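Here the structure is laid out as structure tokens; the discussion comes afterwards.
Coordinate-derived values only; no laboratory data. None of these values were measured; they are calculated from a predicted model. In this analysis, Cβ positions are derived from the backbone assuming ideal geometry, glycine residues included, and neighbour counts consider all displayed protein chains.
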Amino acid sequence: MAIREIRVVPDPVLRTKCDSIGEITPAVRRLVQDLLDTVDDPGRAGLSANQIGVSLRAFSYNIDGKIGYVLNPVLEETRGEQYGDEGCLSVPGLWYKTKRADYARVRGIDLDGKEVVLEGDGIFGRMLQHETDHLDGHVYLDRLEKDERRAAMRRMRGARS
């Protein structure tokens, strides 16, 4: 049980597709606890395993006081559209309007191997898409229009200098 350091762009773990979890081991149980401990902070909506340096398909969430997790999530359905501010713990200090589906549904498992279905719209739908993107090696900046993405990358480089 630990609050883990957040990896930031350009860390290569953030650009690597995460592996599925085949067996629920003590290490996977510790990972889930670390994800839950690390996401349990005001302003944190979601956290993927690769954001704490573990390339496995798992994420935790913290939306409207509801904290949870899912293993091996697969984004099954999206519909509608929303366009709103989005930020990321791995891209600190930058917020950009990002187009997402309004509704999303993810299916995965819990630590007992039981099926978990998470679905919602608005901020919850955005989080489901954002975190599954992370597990596929993408950050939200990849979804920005080309010119806006270039500007964001310049701002990030300037912030690290």
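If a residue has to be surrounded by 12 or more Cβ atoms within 10 Å (Cβ to Cβ) and either farther than 22 Å from I109 by Cα or among the charged types (D, E, K, R) (or both) to count, how many in region 18-38 make the cut? Of the residues in region 18-38, 4 are surrounded by 12 or more Cβ atoms within 10 Å (Cβ to Cβ) and either farther than 22 Å from I109 by Cα or among the charged types (D, E, K, R) (or both). If you filter region 78-90 down to residues that are free of Cβ contacts under 8 Å to residues at least 40 places away in the same chain, of a type in the set (D, E, K, R) and in a strand (DSSP E or B), you find that the one that is farthest from L35 (Cα to Cα) is R79.
Taking region 96-128 as the range and being touching a Ser or Thr at 6+ places or on another chain (Cβ under 9 Å), surrounded by fewer than 19 Cβ atoms within 10 Å (Cβ to Cβ) and under 25 Å from G53 (Cα atoms) as the test, no residue passes. Sort through N72, N50 and tell me the only one that's of a type outside the set (A, V, I, L, M), in contact with a Ser or Thr (Cβ under 9 Å, 6 or more places away or on another chain) and not in a strand (DSSP E or B). The match here is N50. Cβ separations smaller than 9 Å between residues 6+ apart or across chains give the following pairs from region 91-104 residues that are without any contact (Cβ under 8 Å) to a residue 12 or more places away in the chain to residues that are of a type in the set (D, E): W95/D85; W95/E86.
Among residues of region 1-23 that are under 22 Å from M156 (Cα atoms), those with a beta-carbon under 9 Å from a residue that is of a type in the set (K, R) and surrounded by 13 or more Cβ atoms within 10 Å (Cβ to Cβ) at least six positions away or on a different chain give the pairs V9/R15; V13/R7; L14/R7.
Could you please find all residues in region 131-142 being crowded, with 17+ Cβ neighbours inside 10 Å and in contact (Cβ under 8 Å) with a residue 12 or more places away in the chain? Selection gives E131, T132, H134, L135, V139, Y140, L141.
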